[in-house]
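Colleague: I'd like to ask some things about the structure below.
What follows is calculated from the coordinates using simple rules that are stated; it is not laboratory data. What you are looking at is a predicted structure, and each value in this text was computed from that prediction instead of being measured. Here Cβ is always computed from backbone atoms with ideal geometry, including for glycine, and neighbour counts include all displayed protein chains.
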Amino acid sequence: QVQLVESGGGLVQAGGSLRLSCAASGRRFSSYAMGWFRQAPGKEREFVAAIVWSGGSTYYADSVKGRFTISGDNAKNTVYLQMNSLKPEDTAVYYCAVKLRLDYGVRYDYLYDYWGQGTQVTVSS
């Protein structure tokens with residue numbers, strides 16, 4: 001089985017920065033893409049960012065564009081999310097995920113195959 005573990009969450013003041021990490025372990029696998037999603041209390045899980053390993057293309061939700069940067073190491077099945085200029089609206093549990101197949105893009109959570117347990121990000125005003 002594959003396990004994903006997120007780290008780097010915490011409490012930060014508005015305008016501050018955090019860097020999230022996600023590392024996969026367990027069964028060997030090769031992913032098409034890895035992504036970050038988040039879920040705030042009372043809201044649905046939403047897409048944040050993704051990286052497609054072939055070519056290194058990145059994708060971002062409009063709400064984080066220009067503030068967040070996704071990067072990673074495909075060989076290590078590891079992904080990072082650098083979050084700058086954080087806002088209270090960014091407060092959520094952040095999940096990393098693995099997408100194994102090249103189909104239907106990267107923006108929808110149901111397309112992903114493996115998920116981490118999440119890490120809490122809280123941005124105070």
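Colleague: Find, among the GluC sites (Glu not before Pro) in region 21-125, those assigned to loop by DSSP (not H, G, I, E, B) with at most 10 other beta-carbon atoms within 10 angstrom.
Modeller: Listed in order of number, the matching sites are Glu44.
Colleague: Leaving out same-chain residues fewer than 8 places away, which lysines sit with a Cα under 18 Å from that of Lys87?
Modeller: Those lysines meeting the cut-off are Lys43, Lys65.
Colleague: Considering amide H positions built from the backbone, and no H for Pro or chain starts, which residues 5 or more places from Val2, or on another chain, come under 5 Å of its amide H?
Modeller: HN-HN under 5 Å from Val2: Arg27.
Colleague: Sticking with this structure for a sec: Mind putting a number on the dipole of the chain about its Cα centre? Charges go on the C-beta only, +1 for Lys and Arg and -1 for Asp and Glu, and I need it in Debye to the nearest 20.
Modeller: With Lys and Arg at +1 and Asp and Glu at -1, about 200 debye.
Colleague: A further question on this structure: Considering amide H positions built from the backbone, and no H for Pro or chain starts, which residues 5 or more places from Gly118, or on another chain, come under 5 Å of its amide H?
Modeller: Under 5 Å from the amide H of Gly118: Glu6, Cys96.
Colleague: Also, quick follow-up: Can you tell me which aspartates and glutamates have their Cα less than 15 Å from the Cα of Lys76? Leave out same-chain residues fewer than eight positions away.
Modeller: Qualifying aspartates and glutamates at Cα under 15 Å: Glu6.
Colleague: Restricting to DSSP loop positions (anything but H, G, I, E, B) with no more than 10 other Cβ atoms inside 10 Å of their own Cβ, which trypsin sites (Lys or Arg not before Pro) remain in region 1-56?
Modeller: Answer by residue number: Arg27, Arg28, Lys43.
Colleague: What FRET efficiency would be calculated for the residue pair Ala61, Arg28, taking the C-beta separation as r and a Förster radius of 22 Å, to the nearest 0.05? All intermediate terms of the calculation are to be shown ahead of the outcome.
Modeller: Working: r = 30 Å, r/R0 = 1.38.
E between Ala61 and Arg28, to the nearest 0.05, is 0.15.
Colleague: Show me, for region 77-91, the HN-Hα J-couplings you get by feeding each phi into the Karplus relation (A = 6.51, B = -1.76, C = 1.60, θ = phi - 60°), rounded to Hz, glycine and proline as x.
Modeller: These are the phi-based 3J(HN,Hα) values: 6, 10, 9, 10, 9, 8, 10, 10, 6, 5, 10, x, 5, 7, 4 Hz.
Colleague: Hey, another quick one. Identify the chymotrypsin sites (Phe, Trp or Tyr not before Pro) of region 14-112 meeting these criteria: DSSP loop state and at most 16 other C-beta atoms within 10 Å of the C-beta.
Modeller: Phe29, Tyr104, Tyr108
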